[in-house]
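Just so it is clear, none of the values below were taken in a lab; they were calculated from the coordinates. Everything quoted here is computed from the prediction, not taken from an experiment. Every residue, glycine among them, receives a Cβ derived from its backbone with ideal geometry; neighbour counts consider all protein chains shown.
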């Protein structure tokens, strides 16, 4: 079952780095092939065209997963936590039974956190920060903007407290995007009922826009994009300069620098622009 949460970010980081290297190698191969032929060929065009989008997206996804490893480690250490509790194996088994009934009501009631098939004997730990939650080994960002966002939160009554976030997840493919409504339900326990109520109060204020959980979230990403863009464009400019002074018989092809600089420079500007737009959306009150 697909989950918008992040699990095993180290593995995802390695996959994204491998995709980045393969895409860049394909682009470089296409550029070299085009330079040798003296014109664009079908093969060189396919090598560059197919690899272009992965070459732009994969490095930023790798950066995202690298940040995820750091954030998850800090949450496990309890840094910036607003609530923390452990759900026992018995409570988790009871929650799983109740959760399956709720998920059966329809696709919009499916839990964004897939419960473990076999509850760990030691239970699972729940850690909330002002803008995220770590449920066992799965991390969810809890913001009002972005591809995965929440629109409301409430405390479900029953034999044990359950925090339910109303969520929207935007999926994209080559042709269009679609947004699906869902729920992120997180178990608590009777001993953690006060902490669960505190979490609900906090995220009610976040949903209403009265507080901003992490005001620097998009600022950091915008800063990264604005710093990276001129660096990559300078690499592209160096490639243009070298192409005018390096002979055809040299062992180095400056067009590789041009391609890499332009691709990653444009991607950096897209990152900065997207972060600026999402940051402004985060500041708007409902």
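Tabulated values for the structure
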| quantity | calculated |
| --- | --- |
| Additional length obtainable on full extension of the chain from residue 125 to residue 237, 0.36 nm per residue less Cα span | 35.2 nm |
| Gained length - residue 73 relative to residue 166, 0.36 nm times residue gap less alpha-carbon distance | 30.8 nm |
| For 198, 47, order by how many other beta-carbon atoms lie within 10 Å, fewest first | 198, 47 |
| Directionally averaged projected area (convex hull, Cα atoms, the stretch 1-77), nm² | 6.1 |
| Ranked 183, 79, 125, criterion: other C-beta atoms within 10 Å, fewest first | 79, 125, 183 |
| Distant alpha-carbon pairs in the stretch 78-208 (separation over 24 angstrom), percent | 26 |
| Tilt relative to the chain, helix 217-245 - C-alpha long axis, 0 to 90 degrees, to 10 | 10 |
| Gain on full stretching of the segment that runs from residue 277 to residue 18 - 0.36 nm per residue minus C-alpha separation | 90.2 nm |
| Value at 222 nm in deg cm²/dmol, rounded to 500, when DSSP H runs of n ≥ 4 in the chain each add -39,500 (n - 2.57) | -19000 deg cm²/dmol |
| Semi-axis lengths, Å, the stretch 1-142, gyration tensor of Cα atoms, sqrt of 5 times eigenvalues | 43, 18, 11 |
| The chain: angle of helix 255-283 to the longest principal axis, Cα-based, in degrees nearest 10 | 30 |
| Of (1) 1.02; (2) 1.08; (3) 0.99, the label for Rg/Rh (Cα atoms, Kirkwood Rh) derived from the coordinates | (2) |
| Neighbour-count ranking [beta-carbon atoms within 10 angstrom, fewest first] of 71, 241 | 241, 71 |
| Förster radius 22 Å - calculated FRET efficiency between residue 90 and residue 157 (Cβ-Cβ, nearest 0.05) | 0.70 |
| Among 33, 118, 204: highest mean-square fluctuation, GNM of the chain, C-alpha pairs under 10 Å | 118 |
| Theoretical FRET efficiency, 1/(1+(r/R0)^6), r = Cβ-Cβ of residue 80 and residue 107, R0 41 Å, to 0.05 | 0.75 |
| Nearest-ten-degree value, helix 89-103 long axis tilted from longest Cα axis of the chain | 80 |
